[in-house]
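Accompanying notes for the structure given below.
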Amino acid sequence: MFEDAQDIAGFFSDFAIDVTLFPGMGNQKTIPGIFDAESIGITLAGGLEVTESQPQLTVLDRDVAELTQGGVLKVANRNYTVADLRPDGTGITIIRLNNRS
C-alpha cells in the first residue's frame, strides 16, 4: 500500500484527526490517528437483526510505543479503552477500541 515513510506521512496528513493518549493515566500526548466506527449488521437465530460497532484507530507505530491494552485515549471528545493493538509490519498499528463510560 505504501512505498516509503513519506507516503505514510502524506496519508496521515490528509486523513488523520487529533487523538489524545493518556499513557498510564499520566501525562497526555496528542497524536494523529484515523478513526473508524463502521457498523456491522448481524442476523441472529430466528431472524433478529442487530447492529454492532467495533471502533478502531489507525496510527503510526512510533506514536503508540508506550500504549498497552487497557490504555485510555480520547477521539472526537469521546473516551475509549484499548481492546488490542495490531501492528501490521509496515509502521502502522490498528487499535481496536472499547467505549469507556
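The residues listed here are T51, T58, T30, T20; of these, the one that is among the polar types (S, T, N, Q) and within 15 Å of R100 (Cβ to Cβ) is T20. Counting only strands (runs of 3 or more DSSP E) that sit completely within the range 11-101, those holding 3 or more residues that are among the β-branched types (V, I, T) correspond to 17-22, 29-36, 39-43, 92-99.
Within the range 51-78, residues that are free of Cβ contacts under 8 Å to residues at least 24 places away in the same chain and on the phi > 0 side of the Ramachandran plot reach partners that are part of a strand (DSSP E or B) and surrounded by 11 or more Cβ atoms within 10 Å (Cβ to Cβ) with beta carbons closer than 9 Å, at six or more positions or on different chains, in the pairs G70/T81; G70/V82; G70/A83.
Every residue, every condition in (1) under 11 Å from the mean Cα position of the chain (by Cα); (2) exposed (fewer than 12 other Cβ atoms within 10 Å of the Cβ); (3) not aliphatic (A, V, I, L, M), yes or no:
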| position | (1), (2), (3) |
| --- | --- |
| P55 | yes, no, yes |
| T58 | yes, no, yes |
| D63 | no, no, yes |
| Q69 | no, yes, yes |
| N77 | no, yes, yes |
| D84 | yes, no, yes |
| D88 | no, yes, yes |
| G91 | no, no, yes |
| I95 | yes, no, no |
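Of the residues screened, V50 is one that is among the aliphatic types (A, V, I, L, M) and more than 10 Å from the chain's Cα centre (by Cα).
Bear in mind that the values in this text are calculations on the coordinates, not laboratory data. All values reported here derive from a predicted model rather than from experimental measurement. Quick reminder, even Gly has a Cβ in these numbers, built from the backbone with ideal geometry, and neighbours come from all protein chains shown.
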